[in-house]
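Student: Input: one structure, supplied below.
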Amino acid sequence: MDNKNLHPESLMMGFGYKPELSEGSVKCPIFQTSTFVFKTAEEGKRFFELAYGLQSAEENEVPGLIYSRLNNPDLEILENRLCLWDKAEDCAVFASGMGAITTVMLEFLKPGDLLLYSSPVYGGTDHSINHVLPKWNVGHVEFDARMTKEAIIERVEASTLGKLSVIYIETPANPTNALIDLQMCREIADYFSDEDQKVIVVVDNTYMGPLWSHPLQHGADLVVYSATKYIGGHSDLIAGAVLGNREMMTRVRGLRTFMGNMCSPFTGWLLMRSLETLKPRMELQASNATHVADFLLAHPKVEKVYYLGHLAEGTEQYRIWKKQYSSSGAMLSFDIKGGEAAAFRFLNGLRLIRLAVSLGSTESLAEHPATMTHADVSPADKQRHHITDSLVRISVGVENHEDIIADIAQALEKV
């Protein structure tokens with residue numbers, strides 16, 4: 001059967017792996033080795049020529065294994081499989097989502113450059129942009145989902161902090177589910193590009209995972225994931241991933257090699273395990289989230305629900321959702337009446353849902369963004385983006401939706 005006729009969820013079972021090379025093992029073993037043996041000195045020479053870009057690969061030539069900081073079978077097979085979901089030319093996996101994000105920023109930003117980014121973003125990303133990049137003289141300008149293309153261009157042109165080099169987007173936004181139009185961002189990038197420098201578009205797609213959104217098909221140059229979340233999906237690993245075309249990924253891989261922040265073979269093996277159930281997990285989570293969001297919408301102690309499935313037809317946010325996404329996802333937030341005290345009573349009253357950060361795992365998780373994941377975001381930014389003391393975020397898991405709702409209901413009774 002031709003692999004071209006198979007869906008990604010079918011290819012997750014064996015794509016890129018040859019059992020005959022591993023004693024017939026039906027699953028890829030963990031290649032827990034630091035170094036690999038060369039058959040001859042000439043072969044070793046050739047492997048290094050390709051690894052360091054000293055020579056170009058011939059047609060159908062595959063770079064050989066050298067050292068697990070450069071390449072490892074578990075990571076290579078994992079990367080090949082991840083490419084299938086996003087239809088990417090290449091992928092590199094990292095020791096964490098922040099490792100993936102930081103590597104991209106360090107590779108494509110230099111002193112004197114300007115970063116344009118959507119806000120709000122994950123708290124760790126916000127800290128990196130506002131407190132780490134300025135140490136390397138990299139400026140930044142932010143925009144949000146309410147701004148038009150013309151207003152964003154005007155803001156960039158008014159900036160004196162550097163020349164635009166990278167547009168970084170997190171959509172849907174964490175934790176508000178605000179949507180950014182990727183085609184608009186592509187047009188902004190092209191507007192500021194010139195012969196000397198192409199402005200690249202990077203999208204953090206963690207909230208929707210590789211199943212419900214494919215940013216590369218909407219104008220993005222690179223897509224990044226915290227693979228800890230839906231891709232890993234079991235709260236038992238930390239990892240990240242970057243995907244894109246071969247030219248840009250060659251640069252990403254090159255910096256990863258010398259920073260040494262790739263994930264371990266065991267983590268790669270765990271991620272391959274998780275990819276086999278990615279689609280059924282995410283589909284069940286999305287279905288459960290619909291029930292949970294509808295329950296919250298009707299509850300008298302809930303002021304507002306932030307859920308993509310509740311977007312009003314005819315609005316700009318609804319238009320973007322229909323264009324860019326195939327699902328409402330499994331992430332939702334809501335404002336609880338009574339501020340932080342009420343939010344804490346609710347969170348402390350949960351019994352089935354775990355009070356913990358992270359998202360996308362099999363178990364449902366709840367947290368308080370203003371004091372937890374986004375604690376380091378400035379008070380002004382929190383207020384502007386409605387990351388208030390009343391806001392609670394829930395990552396819906398694979399439990400029975402009636403049990404999830406029952407747990408939320410009994411916790412709300414304590415407010």
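Student: Hey, any hits in the stretch 82-95 for a residue that's of a type outside the set (D, E, K, R) and in a loop (DSSP other than H, G, I, E, B)?
Tutor: In the first step, residues of the stretch 82-95 are kept if they are of a type outside the set (D, E, K, R); the result is 82-85, 88, 91-95.
Restricting the remaining residues to those that are in a loop (DSSP other than H, G, I, E, B) gives 88, 95.
Checked against the condition, which is being of a type outside the set (D, E, K, R) and in a loop (DSSP other than H, G, I, E, B), the stretch 82-95 yields at least one hit.
Student: Hey, among the residues in the stretch 171-228 that are of a type in the set (S, T, N, Q) and farther than 21 Å from Met98 by Cβ, which one's nearest to the chain's Cα centre (by Cα)?
Tutor: Top of the filtered list is Asn177.
Student: Would you confirm, using the coordinates I've provided, whether Val141 is buried (at least 23 other Cβ atoms within 10 Å of the Cβ) and either closer than 23 Å to His385 by Cβ or not polar (S, T, N, Q) (or both)?
Tutor: On the way: buried (at least 23 other Cβ atoms within 10 Å of the Cβ): no; either closer than 23 Å to His385 by Cβ or not polar (S, T, N, Q) (or both): yes.
In short, no.
Student: Does the stretch 16-30 contain at least one residue that is at pLDDT below 90 and among the β-branched types (Val, Ile, Thr)?
Tutor: For the stretch 16-30, residues at pLDDT below 90 and among the β-branched types (Val, Ile, Thr): absent.
Student: Restricting to the stretch 288-326, count the residues that are without any contact (Cβ under 8 Å) to a residue 60 or more places away in the chain, surrounded by fewer than 18 Cβ atoms within 10 Å (Cβ to Cβ) and of a type in the set (Gly, Ala, Ser).
Tutor: Qualifying residue count, the stretch 288-326: 4.
Student: Return yes when Val166 is hydrophobic (A, V, I, L, M, F, W, C), surrounded by 23 or more Cβ atoms within 10 Å (Cβ to Cβ), touching a residue at least 24 places away in the same chain (Cβ under 8 Å) and assigned to a strand (DSSP E or B) and no when it is not.
Tutor: Taking the combined requirement at face value, the residue satisfies it.
Student: Taking the residues in the stretch 44-67 that are part of a helix (DSSP H, G or I) and at pLDDT below 90 as candidates, determine which candidate is farthest from Arg256 (Cα to Cα).
Tutor: Applying the filter and picking the extreme gives Leu50.
Student: Now for a different question. Please go through the stretch 19-43 and give me each residue that is in a loop (DSSP other than H, G, I, E, B), surrounded by 11 or more Cβ atoms within 10 Å (Cβ to Cβ) and of a type outside the set (S, T, N, Q), ordered by number.
Tutor: At the first step, the residues of the stretch 19-43 found to be in a loop (DSSP other than H, G, I, E, B) are 23-34, 36-40.
Narrowing further to those that are surrounded by 11 or more Cβ atoms within 10 Å (Cβ to Cβ): 25, 27-33, 36, 38.
Of everything in the stretch 19-43, those that are in a loop (DSSP other than H, G, I, E, B), surrounded by 11 or more Cβ atoms within 10 Å (Cβ to Cβ) and of a type outside the set (S, T, N, Q) turn out to be Lys27, Cys28, Pro29, Ile30, Phe31, Phe36, Phe38.
Student: Confirm whether Ala375 is under 26 Å from Ala227 (Cβ atoms) and out of contact with any Cys (no Cβ under 9 Å at 6 or more places or on another chain).
Tutor: For Ala375, the condition - under 26 Å from Ala227 (Cβ atoms) and out of contact with any Cys (no Cβ under 9 Å at 6 or more places or on another chain) - is met.
The values are calculated or read from the model by the stated rules, or taken from the named source; none is laboratory data. Everything quoted here is computed from the prediction, not taken from an experiment. Backbone-built Cβ (ideal geometry, glycine too); neighbour counts: all protein chains shown.
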